[in-house]
Amino acid sequence: MLGLKLPTDPRWVNLAEKSLEEILTDHAYCEQKAATTCISLIQRFPEREKMVRELAPIVTEEWGHFRQVLREMDNRGLKLGPQRKDLYVNKLLEFQKKGGSKDDQLLERLLTFALIEARSCERFRLLSLHISEEELKKFYHGFMVSEAGHYKLFIDLAKGYFGDEVVKVRWQEYLEYEATVIEDMTPRGDRMH
């Protein structure tokens with residue numbers, strides 16, 4: 001369903017489990033950034049009424065996820081650490097076509113965000129299947145389902161605004177590029193991406 005060209009290195013779950021405080025910290029900030037990303041799309045493209053209506057509840061959902069991760073950390077006596085640069089996301093942002101029309105910029109953003117959600121979904125799935133603690137399996141399963149829905153929403157919005165063929169071509173370019181990013185990155189247990 002997600003179309004990712006390169007799966008996550010299987011060692012990543014073991015590394016994440018050993019760095020639970022760090023992975024939960026990074027996860028919390030990813031949820032926060034997802035909420036602000038939706039807000040920024042609404043602010044930048046208010047004329048796209050369908051998108052505004054579709055993203056407004058996602059802002060609330062993502063912020064709720066941030067709070068959910070904080071609650072999980074509190075329950076475990078863990079502290080939210082500092083936010084770190086997301087090298088994966090920064091690499092995807094480098095791939096976005098610069099300039100062009102406002103429509104061109106919207107397409108690039110929708111596809112970038114769809115890809116981030118797809119990779120997050122894949123990682124949450126791995127955690128929901130392979131992390132040793134049963135409660136964390138359930139915890140991450142819920143996030144996996146949510147991220148799959150967000151991925152689909154961003155892709156559907158792109159197709160609705162720009163057409164299936166335009167999206168298909170550019171999406172394949174994104175998938176190919178993202179595979180090279182994943183291949184070049186050393187698996188790190190302290191980062192979601």
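Restricting to the stretch 134-151, and then to whatever is touching a residue at least 12 places away in the same chain (Cβ under 8 Å) and not hydroxyl-bearing (Ser, Thr, Tyr), can you tell me which residue is surrounded by the fewest Cβ atoms within 10 Å (Cβ to Cβ)? Let's see the steps before the verdict.
Just the residues of the stretch 134-151 that are touching a residue at least 12 places away in the same chain (Cβ under 8 Å), to begin with: 139-141, 143-144, 146-148, 150-151.
After this cut, where a residue has to be not hydroxyl-bearing (Ser, Thr, Tyr) as well, the list is 139, 141, 143-144, 147-148, 150.
On the way: Phe139: 18, His141: 15, Phe143: 23, Met144: 19, Glu147: 24, Ala148: 19, His150: 22.
The residue in question is His141.
Looking at Lys79, Lys5, Lys18, Lys98, which one is among the charged types (D, E, K, R), within 27 Å of Gly160 (Cβ to Cβ) and loosely packed, with under 13 Cβ neighbours inside 10 Å? I'd like the intermediate steps shown before the answer.
Values: Lys79 fails: within 27 Å of Gly160 (Cβ to Cβ); Lys5 fails: loosely packed, with under 13 Cβ neighbours inside 10 Å; Lys18 fails: within 27 Å of Gly160 (Cβ to Cβ).
The conditions single out Lys98.
Is it the case that the stretch 104-127 has a residue that's farther than 15 Å from Leu2 by Cα and hydroxyl-bearing (Ser, Thr, Tyr)?
no
Would you check which residues across the stretch 103-120 are under 13 Å from Ser146 (Cβ atoms) and touching a Gly at 6+ places or on another chain (Cβ under 9 Å) and list them?
If the condition is that a residue be under 13 Å from Ser146 (Cβ atoms) and touching a Gly at 6+ places or on another chain (Cβ under 9 Å), then Glu117, Ala118 are the ones that fit.
Could you please let me know if Glu49 is of a type in the set (D, E, K, R) and surrounded by fewer than 19 Cβ atoms within 10 Å (Cβ to Cβ)?
Details: of a type in the set (D, E, K, R): yes; surrounded by fewer than 19 Cβ atoms within 10 Å (Cβ to Cβ): yes.
Answer is yes for this residue.
Being in contact with a Phe, Trp or Tyr (Cβ under 8 Å, 6 or more places away or on another chain), at pLDDT 95 or above and either exposed (fewer than 15 other Cβ atoms within 10 Å of the Cβ) or within 18 Å of Cys30 (Cβ to Cβ) (or both): is that true of Glu117 here?
Numbers: in contact with a Phe, Trp or Tyr (Cβ under 8 Å, 6 or more places away or on another chain): yes; at pLDDT 95 or above: yes; either exposed (fewer than 15 other Cβ atoms within 10 Å of the Cβ) or within 18 Å of Cys30 (Cβ to Cβ) (or both): yes.
Yes.
Looking at His130, His150, which is the one that is closer than 23 Å to Glu62 by Cα, out of contact with any Lys or Arg (no Cβ under 6 Å at 6 or more places or on another chain) and not charged (D, E, K, R)?
Every option except His150 fails the conditions.
Taking the stated definitions as given, is Phe66 touching an Asp or Glu at 6+ places or on another chain (Cβ under 8 Å) and modelled with pLDDT of 95 or more? It would help to see each step written out before you state the result.
Working: touching an Asp or Glu at 6+ places or on another chain (Cβ under 8 Å): yes; modelled with pLDDT of 95 or more: yes.
Here the answer is yes, as Phe66 does meet what is asked.
Given the residues Leu87, Leu24, Leu55, which is the only one that is among the aliphatic types (A, V, I, L, M) and either at pLDDT below 95 or surrounded by fewer than 18 Cβ atoms within 10 Å (Cβ to Cβ) (or both)?
Details: Leu24 fails: either at pLDDT below 95 or surrounded by fewer than 18 Cβ atoms within 10 Å (Cβ to Cβ) (or both); Leu55 fails: either at pLDDT below 95 or surrounded by fewer than 18 Cβ atoms within 10 Å (Cβ to Cβ) (or both).
The match here is Leu87.
The values are calculated or read from the model by the stated rules, or taken from the named source; none is laboratory data. These numbers come from a predicted model, not from an experiment. Note that we place each Cβ from the backbone using ideal geometry, even for glycine, and neighbour counts take in every protein chain shown.
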